Amino acid sequence: MSRRISEKTKKIRKMGEGTGKDYKPYITTSEFNSMGTTSVIKDWKTGRGVHCLSQGEMLWYYILRWDDENIDIREQYPLDYIKTCKIAERFGFKNPQHIMTTDFLVTKADGKSVAYSVKTNSDLKKRQLELLCIEKYYWISRGVDYQLLLKTDANRTLAGNVRLVTEFYDADRVFDEISAIKHKIAIKEYPVDMESELFDEAALKKIRRENHA
């Protein structure tokens with residue numbers, strides 16, 4: 001059963017605030033009936049639990065986090081409600097019912113930010129398109145790049161391999177030959193093609209041999 005948290009409580013708990021390991025998402029998975037679509041992923045670099053509200057968000061989180069140019073990812077990031085209402089009125093849209101959030105606000109290595117929305121596919125209803133328009137204008141008007149990501153465009157092989165190897169990002173979790181190989185890939189000591197095929201034991205041993213040739 002879902003347990004929605006009031007906006008007053010979210011403010012008290014400072015949800016939607018902080019950076020890095022101290023960031024608290026404005027919406028958490030515990031607020032929804034998951035039906036197998038929500039997940040809390042451990043950020044292998046900070047140890048923080050990352051709340052993904054859909055399978056698409058999970059896939060894209062792994063992909064975005066694997067890119068070393070993305071030094072921080074804040075999920076379910078809240079937008080200023082008054083400002084989103086003003087944007088809605090400007091375009092003749094109905095005001096948002098609640099505080100809107102952006103799926104991922106990414107801080108790049110050069111200090112710039114990119115806001116990402118994740119949707120299952122491009123078949124969107126009119127209200128969804130209106131809200132995306134509000135969200136896009138909100139960020140662009142602040143000098144922040146904005147992109148729409150589709151679940152159907154996510155490279156599942158890349159996401160799956162990232163998930164597989166980063167489980168052993170911490171050296172103290174290594175316990176055998178295979179986990180040691182995964183660790184080397186996770187810390188990028190072994191440069192490998194992450195996008196072509198899902199790693200199995202044979203592929204991982206081949207990677208080790210190639211890097212010790």
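The values are calculated or read from the model by the stated rules, or taken from the named source; none is laboratory data. For clarity, every value in this text was computed on a predicted model and none was experimentally measured. Positions of Cβ are generated from backbone atoms using ideal geometry, with glycine treated the same way; all protein chains shown enter the neighbour counts. Keep in mind that these areas ignore ligands, DNA and RNA; they rest on the heavy atoms of the full protein, side chains included. Shrake-Rupley method; radii C 1.70, N 1.55, O 1.52, S 1.80 Å.
With all protein chains present, calculate the accessible area of Lys14 using a 1.4 Å probe and round the result to the nearest 10 Å².
120 Å²
Mind jotting down the distance between the C-alpha centroids of segment 156-213 and segment 43-106, whole Å?
29 Å
Using a 1.4 Å probe on the protein chains only, how many percent of the accessible area of the chain belongs to carbon and sulfur?
On the way: 5980 of 12160 Å².
The value for the chain is 49 percent carbon and sulfur by accessible area.
Ratio of segment 116-213's C-alpha Rg to 2.2 N^0.38 Å, to two decimals?
1.53
Can you pull the accessible area of Trp44 for me, 1.4 Å probe, Å² to the nearest 10?
20 Å²
Quick check: from the Cα gyration tensor, does segment 1-75 come out rounded (a/c under 1.5), prolate or oblate?
Details: a/c = 2.64, a/b = 1.27, b/c = 2.07.
The shape class here is oblate.
Give me the number: length gained by fully extending Leu132 to Glu197, i.e. 0.36 nm times residue separation minus the C-alpha to C-alpha distance, one decimal in nm.
Working it through step by step, the gained length comes to 20.0 nm.
Hey, can you grab everything whose amide H is under 5 Å from the amide H of Arg48? Only 5+ residues off in sequence or another chain; H modelled, so Pro and N-termini drop out.
Asp43
On a full-extension model of 0.36 nm per residue, what is the gain between Gln147 and Glu31, subtracting their alpha-carbon distance, rounded to one decimal in nm? Please report the intermediate quantities before stating the final value.
On the way: separation 116, 0.36 × 116 = 41.76 nm, distance 2.58 nm.
So the chain would gain 39.2 nm between Gln147 and Glu31.
Quick one: order Thr37, Thr101, Thr152 from most to least accessible surface, probe 1.4 Å.
Details: Thr37 65, Thr101 30, Thr152 100 Å².
Reading off the accessible areas and sorting them downward yields Thr152, Thr37, Thr101.
In the neighborhood of Cys52, defined by Cβ-to-Cβ distances under 10 Å, what is the net charge if each Lys or Arg adds +1 and each Asp or Glu adds -1?
So the environment of Cys52 carries a net charge of -3.
Do any GluC sites (Glu not before Pro) in segment 98-198 lie in a DSSP loop with no more than 13 other beta carbon atoms within 10 Å, and if so, which?
Here the GluC sites (Glu not before Pro) that fit, given the DSSP loop and packing criteria, are Glu189, Glu195, Glu197.
Ordering Ser30, Ser196 by accessible area with a probe of 1.4 Å, largest first, what comes out?
Numbers: Ser30 50, Ser196 85 Å².
Result, largest first: Ser196, Ser30.
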